[in-house]
Amino acid sequence: MKKINKLAVMTSGGDSPGMNAAIRSVVRTCAYYKIECIGIYRGYQGMIEGDFTSLTARSVNNIINKGGTILKSARSDEFRTSEGRKKAHKNLIKQNIDGLVVIGGDGSFTGGVIFNKEYNFPVIGIPGTIDNDIFGTSHTLGYDTALNTAVEAIDKIRDTASSHNRLFFVEVMGRDAGFIALNAGVGAGAEEILIPEENLGLDRLLESLIKSRKSGKSSSIVVVAEGDKSGRNVFELAKYVEDNMPEYDVRVSVLGHMQRGGSPSCFDRVLASRLGVKAVEVLIDNKTNLMVGLKDNKVITTDLEEAITGGHSINNELLRVSDIMST
Ligand code: F6P
């Protein structure tokens, strides 16, 4: 067994609420096991530039409740080149770092897998993205908080939609995944939900809205994921419905990056604390190329490559529930 003396932690890709809680957990677990901990700023870009800072248990006071990431985050084009990765590896070796914890999504894990293959450098991933599109965990960090943010916003939109008898299209985040749209949609009582995984067809959308109208509903909310399959953006969808159903007064609201910010929910804080402990303990056990995640409320590990390639599937039962609820 190789003794682990020094570990590094970084956040990479799109930020998500709970990343700070995960940094705190990694740093404090290192302190508990008397391992030195280095924070890398701006993800892989900071690794290339040697933008490092020493983190002690006290450096992470009062961050469990904070959104964003104290280590900042970035998407690095330079790390995609072998030259960039060479520089990054040199910096880790110069600092005598024995392993790396990457908090991020699939892009960040892809970088970690390539780096591990090239340099045999120990890498462990903690899934941090609001999209929840990672295989090997029921929840990614930030997803629960983003859902609550989206539901709170849609509730407010419902108030004004109902006062004015309007139809609202609300766009939520999720370029490739409909988890936020489907769950926030059901949670906020949306009449229709459009997601990237399924093309429900524009005719069906019109039919459903006509049905709603006939059944006595005077306002409606359609939740649309950023990357929904209709091939039309939220404004084009709204225009299509307006053209076909002039009786509706249509408005569009794009929730955007507000879904990535804010204080993490209790669920995300607890998840971050659990995953951070496991990530460090897995590295102490000399394991590498794994992602720590949650399954049936147990912390488990999954091969890092599988976490990226395993795919994600949408919950058909929830789609059915959504259908029945819009009656
Ligand atoms: O992956 C997280 C995410 O928030 C997606 O839901 C969204 O499509 C994308 O990032 C937005 O990326 P950016 O912050 O670069 O605009």
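The values are calculated or read from the model by the stated rules, or taken from the named source; none is laboratory data. Since we're looking at a predicted model, the values are computed, not measured. Every residue, glycine among them, receives a Cβ derived from its backbone with ideal geometry; neighbour counts consider all protein chains shown. Heads up: the accessible areas ignore ligands, DNA and RNA and are worked out on the full protein's heavy atoms, side chains in. Shrake-Rupley method; radii C 1.70, N 1.55, O 1.52, S 1.80 Å.
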About the Cα centre, charge dipole magnitude for region 145-260 (Lys/Arg +1, Asp/Glu -1 at Cβ), debye: 220
Which one, P127, G185, G142, is farthest towards the positive end of the dipole of region 105-187 when Lys and Arg carry +1 and Asp and Glu -1 on their Cβ? G185
Projecting the Cα atoms of V223, L237, L209 onto the charge dipole of region 208-247, where Lys and Arg contribute +1 and Asp and Glu -1 at Cβ, the residue farthest towards the positive end is L209
List the pair-distance distribution P(r) of region 145-260, using every Cα-Cα distance, as the percent of pairs falling in each 5 Å bin from 0 up to the bin containing the longest distance, rounded to whole percents. 2, 13, 25, 27, 20, 10, 2, 0
Accessible area of the chain with a 1.4 Å probe: how many percent of it is carbon plus sulfur? 49
Quick one: compute the contact order of region 145-260, relative version, from alpha carbon pairs under 8 angstrom and 6+ residues apart, as a percent. 39
With each pseudo-label sitting 7 Å past Cα toward Cβ, what's the R204-C266 distance in nm, one decimal? 3.7
Could you sort Y143, Y240 by accessible area so the largest value comes first, with the probe set to 1.4 Å? Y240, Y143
With a Förster radius of 25 Å, plug the Cβ-Cβ distance of K90 and M1 into 1/(1 + (r/R0)^6) and report the FRET value to the nearest 0.05. 0.45
Of all DSSP beta bridges having both residues in the chain, the percent classed as antiparallel (nearest 5) is 25
Would you mind computing, in nm to one decimal, how far apart the modelled labels at S138 and E242 are, each placed 7 Å from Cα along Cα→Cβ? 4.3
Mind checking which of M19, M47, M291 has the largest fluctuation in a GNM of the chain, springs on alpha carbons under 10 Å? M47
Helix-only CD estimate at 222 nm, as mean residue ellipticity for the chain, using -39500 (n - 2.57) per DSSP H run (n ≥ 4): -13500 deg cm²/dmol
Relative contact order of the chain: what whole-number percent is it, with Cα pairs under 8 angstrom and at least 6 residues apart? 24
For region 82-91, 3J(HN,Hα) per residue [Karplus equation, 6.51 cos²θ - 1.76 cosθ + 1.60, θ = phi - 60°, Hz, x = Gly/Pro]: 5, 4, x, 5, 5, 4, 4, 4, 4, 5
Kindly state, to the nearest 0.05, the FRET efficiency for A57 paired with R232, given R0 = 41 Å and r defined as their beta-carbon distance. 0.20
At what distance in angstrom do the alpha carbon centres of region 109-154 and region 1-51 lie from each other? 15
Hey, for a label at I300 modelled as a point 7 Å past Cα toward Cβ, could you say which residues of region 107-130 have their backbone N under 18 Å away? 125-128
Using the Cα gyration tensor of the chain, the equivalent ellipsoid's semi-axes, largest first and to the nearest Å, work out to 42, 18, 17
Mind telling me which of G125, G201, G112 comes out most flexible in a GNM of the chain, alpha-carbon contacts under 10 Å? G201
Using a Gaussian network model on the chain with a 10 Å cutoff between Cα atoms, which of G107, G46, G18 fluctuates the most? G107
Just for region 145-260, what percent of DSSP beta bridges are antiparallel, to the closest 5? 5
How much accessible area per residue does the chain have, counting only protein heavy atoms and a probe of 1.4 Å, in square angstrom? 44
Amide H contacts under 5 Å for V224, restricted to residues at least 5 apart in sequence or on another chain and with H modeled in the peptide plane, are V170, E171, V172, L194
